[in-house]
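First the structure, in the form of structure tokens, and then the observations on it.
The values are calculated or read from the model by the stated rules, or taken from the named source; none is laboratory data. Source: prediction; values computed, not measured. Cβ coordinates were reconstructed from backbone atoms using ideal geometry, including for glycine residues, and neighbour counts include every protein chain displayed. Heads up: the accessible areas ignore ligands, DNA and RNA and are worked out on the full protein's heavy atoms, side chains in. Shrake-Rupley method; radii C 1.70, N 1.55, O 1.52, S 1.80 Å.
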Amino acid sequence: MVAVQAPLISQMRRGMLQYCVLALLAEDERYGFDLVQGMVTSEGTIYPLLSRLRRDGLVDTSWQESPSGPPRRYYSLTAAGRAALEAFAEEWSRFRDAVDHFIEGRRP
């Protein structure tokens, strides 16, 4: 990756992360560390994001006992979170198609 592109890629990932988290929570409630696994992020990024999503009313939380340690805070999508995810998904499809059109148009 070209060094100049690294900040742009990082910024793009940060912008998409919120919607990736909402999409994962649309499947089922999860706890924070569970969300980190399989994503290109860290706990230091995900927990502040989850806090903001909770303050914004997009996720709810509940404490549940853990079979292997202290209770865990689980996150679930609210109706507002579902609406935000649906609006993003619609816009993302249009945006992705437009970007694909330009990128594919440049290929020989």
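Look at the dipole of the chain built from charges on Cβ: of L50, P71, F102, the Cα furthest out on the positive end belongs to F102.
What number, in percent, do you get for the relative contact order of the chain if the mean sequence gap of Cα pairs under 8 Å and at least 6 apart is divided by its residue count?
Reported relative contact order: 25 percent.
Just checking the listed ones, G69, G57, G44: in the Gaussian network model of the chain with Cα springs under 10 Å, the one fluctuating most is G69. For the chain, the C-alpha radius of gyration divided by 2.2 N^0.38 Å, with N the number of residues, is 1.27.
Give the angle, between 0 and 90 degrees and rounded to the nearest 10, that separates the Cα long axis of helix 79-106 from the longest principal axis of the Cα atoms of the chain. The answer is roughly 20 degrees. Say a paramagnetic label sat at a point 7 Å from the Cα of A80, along Cα to Cβ; which residues of the range 43-73 have their backbone N under 11 Å from it? Residues 53-60 fall inside that zone. If you run the Gaussian network model on the chain, springs between alpha carbon atoms under 10 Å, then out of V40, V21, V59 the most flexible one is V40.
Counting only protein heavy atoms and a 1.4 Å probe, tell me what percentage of the chain's accessible area is made up of carbon and sulfur.
Taking all protein chains in place, the chain shows 56 percent carbon and sulfur surface.
Within the full protein context, the accessible area of E43 is estimated at about 90 Å² for a probe radius of 1.4 Å.
As a calculated quantity, the FRET efficiency between R52 and D97 at R0 = 25 Å, using C-beta atoms, amounts to about 0.30. Basic side chains Lys and Arg get +1 at the Cβ, acidic Asp and Glu get -1 at the Cβ, and with that the dipole of the chain about its Cα centre reaches some 400 debye. Could you state the angle between the C-alpha long axis of helix 5-27 and the longest principal axis of the C-alpha atoms of the chain, as a value from 0 to 90 degrees rounded to the nearest 10? Here the helix axis deviates by roughly 50 degrees.
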